[in-house]
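The values are calculated or read from the model by the stated rules, or taken from the named source; none is laboratory data. Worth saying up front: this structure is predicted, and the values here are computed from it rather than measured. Neighbour counts run over all protein chains shown; Cβ positions are idealised from the backbone, glycine included.
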Amino acid sequence: MHNIFVIMKKQFRDTLKNKTILVQFLMFPMLTLVMENAIHIKDMPEHFFVKLFAVMFIGMAPLTAATAILSEEKEKNTLRVLMMADMKPWQYLTGVGSYIWLICMAGAGVMASCIETSGRLFFLGMMGIGIAISIVAGACIGIFSKNQMMATSLQMPCMMIFSFAPMLAMFNEDIRRISDIFYTQQLKCVFDQMSLDGFGTNGAMIVCVNAVICVIMFAVAYRKKGLE
């Protein structure tokens, strides 16, 4: 536990220095506060911006953060130094994953402040599930990539699909049918109804399958590439 907390503390300090990652954590929570309180259009769905930005936040912030952290430290050989300092790989990965999850949940808490108290716990629970899946997906890309440039090339299409497909699906039925296979689209349906009924018949299964696929891909990437 000491090693895990050391990694979390290290990542917090690194985030304050890395403006690119810091912006990822702050952008959508701040946009949510501004848009939700400043824009009121007749017949606009309740908490429209909270639900929209929540899904975009899930698909972007944890994924890009996990990818950037792992690929950067691999490229700079920081991980090799940590391994030589008796830091176990699982301790490092747990520390990084826990840190990203906690700071993203802090952003989710800011978003949750815009909705009714009765729905906040449910909202945060769904956000926590989506953020965890995105962290695993980002870690998979970070481990598989040789350097930051390769990580960015692999991360961008994944981020665009997970973040923007649910938004585009609101305006195009063909995109909606395609995006239904992704966990972010299913979570968007849940947020729209603020109920598990939003999953529909296959929604929960799709989220579980997405999570299993991410875990399997992470295991394969780790077995082939490791942390060094």
For the condition of a type in the set (D, E, K, R), touching a residue at least 60 places away in the same chain (Cβ under 8 Å) and over 30 Å from residue 78 (Cα atoms), what is the one hit in 180, 192?
192
Residues being free of Cβ contacts under 8 Å to residues at least 60 places away in the same chain and assigned to a helix (DSSP H, G or I) - total across the range 31-48
5
Residues of the range 131-181 being within 29 Å of residue 192 (Cβ to Cβ) and among the aromatic types (Phe, Trp, Tyr), in sequence order, are 162, 164, 171
Tell me, please, whether a residue that is surrounded by fewer than 16 Cβ atoms within 10 Å (Cβ to Cβ) and under 11 Å from the mean Cα position of the chain (by Cα) can be found in the range 108-128.
yes
Among (1) farther than 23 Å from residue 112 by Cα; (2) within 16 Å of the chain's Cα centre (by Cα); (3) modelled with pLDDT of 90 or more; (4) surrounded by fewer than 18 Cβ atoms within 10 Å (Cβ to Cβ), where does residue 152 come up short?
(3)
Which pairs have Cβ atoms under 6 Å, sit 6 or more apart or on different chains, and link a residue in the range 146-168 that is within 25 Å of residue 189 (Cβ to Cβ) to one that is surrounded by fewer than 19 Cβ atoms within 10 Å (Cβ to Cβ) and at pLDDT 90 or above?
none
In the range 197-228, which residue that is under 21 Å from the mean Cα position of the chain (by Cα) and of a type outside the set (A, V, I, L, M, F, W, C) is modelled with the lowest pLDDT?
198
Leading residue by the ranking (surrounded by the fewest Cβ atoms within 10 Å (Cβ to Cβ)) among those in the range 9-53 that are in contact with a Leu (Cβ under 8 Å, 6 or more places away or on another chain) and over 16 Å from residue 112 (Cα atoms)
16
The range 50-79, residues that are assigned to a helix (DSSP H, G or I) and free of Cβ contacts under 8 Å to residues at least 40 places away in the same chain:
73, 78
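Quick one: in the range 13-30, of everything that is part of a helix (DSSP H, G or I) and over 17 Å from the mean Cα position of the chain (by Cα), which residue is farthest from residue 88 (Cα to Cα)? Spell out the reasoning first.
Start the filter on the range 13-30 by keeping residues that are part of a helix (DSSP H, G or I), which leaves 13-17, 19-30.
Next, only the ones that are over 17 Å from the mean Cα position of the chain (by Cα) stay: 13-14, 16-17, 19.
Working: 13: 21, 14: 20, 16: 25, 17: 25, 19: 28 Å.
It comes out as 19.
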